[in-house]
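Notes for the one structure printed next.
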Amino acid sequence: MADPLTSAEALAAWLAHLAHERRASPRTLEAYGFAGRRYLAFLEQHRGECLSAEDLGGVTAGEIRAWLAHLRQGEHPLSPRSLSQALSAIRAFHRFLDLRCDIANPAVALVKGPRVKPGAPRPVTEDQAIGLIAEPALDPDREPWEAARDQAVLTLLYGCGLRISEALSLKRSDAPLGDSLRITGKGSKTRMVPVLPAVREAVDVYLAEAPFAVGPDEALFRARRGGPLSPRHVQATVQNLRSRLGLPSSATPHALRHSFATHLLGAGADLRSIQELLGHASLSTTQRYTQVDAAALLSAYAQAHPRA
């Protein structure tokens with residue numbers, strides 16, 4: 001008779017399911033795995049014993065609430081948004097146990113997460129976006145091809161509204177870029193985005209400068225030693241650029257995607273079109289940009305109206 005499945009083995013099976021069947025992003029896998037490991041560690045410490053997968057069917061609502069309280073009051077307390085994401089991960093884990101292992105736990109549905117008020121996106125202005133894209137070429141410590149690469153990546157984020165992962169998933173065979181680009185985003189959802197001449201030109205300049213011979217199925221953007229460029233490099237680059245330009249901490253790579261949407265909305269684009277360009281599954285996600293646009297209008301009104 002086979003040994004019963006341990007809770008750790010069940011967690012590993014769930015993460016493998018997310019990776020290979022659901023095609024979850026590496027970032028999602030990391031976040032869900034981290035939440036799952038903390039959850040199991042808390043339960044085993046709380047009960048004073050190792051848990052089998054079967055034991056997870058008996059976890060009470062009180063134990064789950066105690067785990068959330070532990071996360072909220074620990075050495076590194078989580079924000080309400082992070083707590084909500086952690087609880088969402090655990091709910092998904094228990095759904096997997098129910099569907100794949102026949103280990104149901106109705107108590108999970110009784111636990112409500114903290115109320116999280118959705119925040120409005122924080123884009124940069126048009127001038128700030130242009131400044132971020134132009135700044136790498138002014139760095140004397142950067143090789144010309146590296147500056148061209150960073151400019152090409154940032155131009156894709158702002159000019160096409162891509163996520164970092166989407167820009168870095170481009171293959172050498174995708175370039176030179178055409179008039180449109182097929183992008184596979186979250187949930188393996190595919191969309192077509194138009195390519196502006198400025199975006200195409202930035203990628204062409206990078207290709208002309210790049211010192212590496214790259215195969216057609218390899219990543220288009222390469223790091224200094226020739227490997228694929230990492231999201232962390234893009235984040236660190238923008239952090240350095242915003243420091244040099246005196247921009248706030250909200251000026252992140254993802255803020256360029258926000259700016260793409262906000263500036264299109266301000267120029268008269270409709271929400272449905274922006275939803276398609278961004279690859280949002282729900283229009284309500286795209287509607288957050290109307291808050292930003294309305295705030296910009298009120299700010300302009302306050303500065304310009306003689307009675308303001």
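The values are calculated or read from the model by the stated rules, or taken from the named source; none is laboratory data. Everything numeric in this text was worked out from a predicted model, so none of it was measured. We place every Cβ from the backbone using ideal geometry, glycine too, and count neighbours over all the protein chains shown. With ligands, DNA and RNA removed, areas are computed over all heavy atoms of the protein, side chains included. Shrake-Rupley method; radii C 1.70, N 1.55, O 1.52, S 1.80 Å.
Charge dipole (Cα centre; +1 on Lys/Arg Cβ, -1 on Asp/Glu Cβ; no other charges) of the chain amounts to roughly 780 debye.
Working from Cα pairs under 8 Å separated by at least six residues, relative contact order for the stretch 107-255 is 28 percent.
Between Arg232 and Ala66, what FRET efficiency comes out of the Förster formula 1/(1 + (r/R0)^6) with R0 = 30 Å and r the beta carbon distance, rounded to 0.05? Don't skip to the end; give the middle numbers.
Numbers: r = 34 Å, r/R0 = 1.14.
About 0.30, to the nearest 0.05.
If you model the stretch 49-105 as an ellipsoid using its alpha carbon gyration tensor, with each semi-axis the square root of five times an eigenvalue, the axes come out at 23, 13, 8 Å, biggest first. Counting charges near Gly36 (Lys, Arg +1; Asp, Glu -1) among other residues having Cβ under 14 Å from its Cβ returns a value of +1. Annotation for Arg81 and Arg95: the two label points, set 7 Å from Cα along the Cα-Cβ direction, are 2.2 nm apart.
Given R₀ = 51 Å, FRET efficiency for Asp217-Leu110 by Cβ-Cβ distance, to 0.05? Intermediate results must be reported in sequence, preceding the final value.
Values: r = 48 Å, r/R0 = 0.94.
Between Asp217 and Leu110 the formula returns 0.60.
For Leu207, the accessible surface of its heavy atoms amounts to roughly 40 Å² (probe 1.4 Å, protein chains only, rounded to the nearest 10).
Count Lys and Arg as plus one, Asp and Glu as minus one, and take only other residues whose Cβ is under 9 Å from that of Arg163; the net charge is then +1. Surface exposure of the chain, expressed per residue as accessible area with a 1.4 Å probe, stands at 56 Å².
Every helix of 4 or more DSSP H residues in the chain counts as -39500 (n - 2.57), and over all residues that averages to -18000 deg cm²/dmol at 222 nm.
The spacing between the stretch 148-185 and the stretch 1-31, judged by their C-alpha centroids, is 31 Å.
How large is the charge dipole for the stretch 186-241, taken about the Cα centre, if only the Cβ atoms of Lys, Arg (+1) and Asp, Glu (-1) carry charge, to the nearest 20 debye? Can you show the working numbers first?
Working: 8 positive and 5 negative charges, 72 e Å.
Computed charge dipole of the stretch 186-241: roughly 340 debye.
Modelled spin labels at Ala19 and Glu49, positioned 7 Å past Cα toward Cβ, are 3.1 nm from each other.
How large a share of the accessible area of the stretch 50-118, in percent, is made up of carbon and sulfur atoms when the probe is 1.4 Å and the other protein chains stay in place?
Details: 2110 of 4060 Å².
Here it works out to 52 percent.
Full extension of the chain between Ser282 and Ala269 gives 3.0 nm of extra length, using 0.36 nm per residue less the Cα-Cα distance.
Would you work out if the stretch 13-159 is rounded, prolate or oblate? Take a ≥ b ≥ c from the square roots of the eigenvalues of the alpha-carbon gyration tensor; rounded if a/c is under 1.5, else prolate when a/b is larger than b/c, oblate otherwise. Could the numbers behind the result be given before it?
On the way: a/c = 2.84, a/b = 2.26, b/c = 1.26.
It is prolate, given that a/c is not under 1.5 and a/b is the larger ratio.
How high is the relative contact order of the chain, in percent, counting Cα pairs under 8 Å that sit 6 or more residues apart?
On the way: 359 pairs, mean separation 52.0, N = 308.
Computed value for the chain: 17 percent relative contact order.
The Cα atoms of the stretch 161-238 cover 32, 25, 24 Å along the three principal axes, with the biggest extent listed first.
For the stretch 46-187, averaging the sequence separation of C-alpha pairs within contact (under 8 Å, six or more residues apart) and dividing by the residue count gives a relative contact order of 17 percent.
Taking the highest mean first, how do the peptides 132-140, 179-187 order by number of other beta carbon atoms within 10 angstrom per residue? Walk me through the numbers before you get to the answer.
Numbers: 132-140: 16.6, 179-187: 14.8.
With the highest mean Cβ count within 10 Å placed first, the list reads 132-140, 179-187.
Could you compute Rg(Cα) / (2.2 N^0.38 Å) for the chain, with N its residue count? Before the final figure, lay out the partial values.
Working: Rg = 23.0 Å, N = 308, 2.2 N^0.38 = 19.4 Å.
Working it through for the chain, the quotient is 1.18.
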